[in-house]
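Heads up: the structure comes next, in structure tokens.
The values are calculated or read from the model by the stated rules, or taken from the named source; none is laboratory data. Just so it is clear, the structure is predicted and the values come from calculations on it, not from any experiment. So basically every Cβ, Gly included, is an ideal-geometry build from the backbone, and we count neighbours across all protein chains shown. The protein model used for the area step is the full one, side chains on, heavy atoms only, and it has no ligands, DNA or RNA in it. Shrake-Rupley method; radii C 1.70, N 1.55, O 1.52, S 1.80 Å.
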Amino acid sequence: MILSTLAACLLVAPYQAADEETGRLIVTRHDLARLVLDIDKLVATGTLLEAADGVSALARTNYEFDRLTSLFFGAQLSEAARGLATLEDRLETLLVGRPLVGSKEVVSGLRFDPWSADTEDWTSRLHLEGERAQTARLRVRGMWARPELAGRSFPIRGQVHDHSDCFVGFGSSRWPVLGEIRFDALGRAVPTTIEIEVPDRVVRPLLAVTVGKGQNGLLEDKSLHTEFQYAEGLVTPPAERRRSFTERLEAIEAVEEGAYRAMRSRLAIRWDAPSLERSSEFLTYSFFYLDEIEADLAALERGEDPFFRRVGDHWRTFAHGRRDLAARVFLPDPAPEGPLPLVIALHGAGGDEGFLFELAGGGHIKRLAEQHGCLVVAPFTPDFLWSPRPFDALLAGIAEDYPIDEERVYVVGHSMGGMVTSRLCRERTDAIAAACCIAGFRPITSDGAPPVLVVQGERDSIVPARSVRRAVDASTATDVVYVELPDQGHTLLLPEALDLAFSEWFD
């Protein structure tokens, strides 16, 4: 999931029962990531209006986003989650030509938006995982207490379709009532489990859900979450299918070590009961992921390496001693001809390898890879904090699968990733053609260091611009260029900063 924002998500405790005094739930990394994903999408795809007092909405948004990041670091997670939901509501009123009107599509277990004052209703699609379930179980809970809803209830309507069908009829009042969400005397949503029958004709179920109006008002904010839980009745239970995959992998007689370890790590991802703390699991579209695993195993059984020159976006690991380095990998399809330029992208503190591929302008770095014809690899940055050896292992592992142009290896890092990038420029001068440090930089004093572009947000309150300017001034390397983006903060600057970096390297 990111930033320093998704960063602080590492502080999040697993979901627990509501606090008896406040009624607030302890939120998960999953909850926070979904809110940040929505805000990232709104900022990246909308046009922000100018505020009446001359201060841009972009500046205000950055200030608030960074303030909420600070709440994360202070472990005030419920307050941060409520603030993110409020910020999302505010952005939706500020954006011109916003792409999200009336509905949001989400994966199973992710948040859906109840009734909103400016739309007839909000609807979500929830992918009910499994090869084919006879029944599915929907879990609904509230994130925090809503005293104004004390003692009230709202119907939950829904309908199951096949995910491959064209979906029509959003917000239909004729959908059957599946159950209801009730609020207790303190305004806390009572956790509700709803059993849903899946029609026999449906192969891959897709559940559309709305929360209906009560007689005395609307649910006006992001107060409800949904969680999918597996029910009895799967034709092939997920745990059994996992065992089957593992047995097939172990039965293959000759497998290259890197491919074997990568497959083992992919099989370790829990698609049947995804962790609410690991984005590699809770952001996985498991019906696509299961198809990928099936195809990968079939390739290995034919004596082929499924990771060799693989195109598209996939999660995998690279061997590093006894440990494996987790990474997201993207190569445009069709793959560019000849040796490939490589961009290694390092996320900020508390994020993970999925951050730059899911956020930062809705995965803007992948669009840049398509535009410039390069390979992008985003590893788990904490593995690179203490030594450059994981960097060496990552380069070696990538070179086994892709024809890398050793003269065009670039590194970009955000926040903590920018600090790591600075160190790599000092310690691996010959391996890096150029680098970009975004919202995080340490002085570079090594002779022969590669060119470094330092991009900083003017209004960054997490890593203030003045501290980065001092670090740039303290650098003795001859090719360090500083660019300060007006009105930008610590995280929302990423799409603009990445544009600058890729333009510098490829144009």
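Summary of values
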quantity: Residue satisfying all of: in the range 270-284; surrounded by 18 or more Cβ atoms within 10 Å (Cβ to Cβ) and of a type in the set (A, V, I, L, M, F, W, C); farthest from the chain's Cα centre (by Cα) among these; calculated: Trp271
quantity: Search result, residues across the range 487-502 that are part of a helix (DSSP H, G or I) and open to solvent by less than 50 Å² (accessible area, probe 1.4 Å); calculated: Leu494, Pro495, Ala497, Leu498, Ala501, Phe502
quantity: Matching residues in the range 460-486 - criterion: being more than 18 Å from Val411 (Cβ to Cβ) and not in a loop (DSSP other than H, G, I, E, B); calculated: Ala465, Arg466, Ser467, Arg469, Arg470, Asp473, Ala474, Glu484, Leu485
quantity: Flag for Tyr230 being closer than 25 Å to Ala369 by Cα, at pLDDT below 90 and not charged (D, E, K, R); calculated: no
quantity: Where Glu281 falls short, out of the listed (1) farther than 19 Å from Glu358 by Cβ; (2) not in a loop (DSSP other than H, G, I, E, B); calculated: (1)
quantity: Condition check for Phe380: closer than 26 Å to Ile293 by Cβ and buried (at least 16 other Cβ atoms within 10 Å of the Cβ); calculated: yes
quantity: Residue in the range 288-320 that is nearest to Phe355 (Cα to Cα), counting only those that are open to solvent by 20 Å² or more (accessible area, probe 1.4 Å) and aromatic (Phe, Trp, Tyr); calculated: Trp315
quantity: Residues that are open to solvent by 50 Å² or more (accessible area, probe 1.4 Å) and not acidic (Asp, Glu), drawn from the range 321-347; calculated: Gly321, Arg322, Arg323, Pro334, Pro339
quantity: Gly363 vs. criteria under 28 Å from Asp38 (Cβ atoms), in contact with a Cys (Cβ under 6 Å, 6 or more places away or on another chain) and surrounded by 19 or more Cβ atoms within 10 Å (Cβ to Cβ); calculated: no
quantity: Identity of the residue in the range 366-400, touching a strand residue (DSSP E or B) at 6+ places or on another chain (Cβ under 7 Å) and small (Gly, Ala, Ser), that ends up nearest to Leu500 (Cα to Cα); calculated: Ala369
quantity: The lone exception for Ser461 - which of (1) among the polar types (S, T, N, Q); (2) under 24 Å from Ala57 (Cα atoms); (3) more than 30 Å from the chain's Cα centre (by Cα) it fails; calculated: (3)
quantity: Residue match in the range 440-450 (condition: loosely packed, with under 15 Cβ neighbours inside 10 Å, modelled with pLDDT of 95 or more and more than 17 Å from Gly417 (Cα to Cα)); calculated: no
quantity: Filter result (farther than 13 Å from Leu35 by Cβ and at pLDDT 75 or above) within the range 69-83; calculated: Ser70
quantity: Conditions (1) buried (at least 20 other Cβ atoms within 10 Å of the Cβ); (2) within 20 Å of Phe307 (Cα to Cα); number of the one not met by Ile404; calculated: (1)
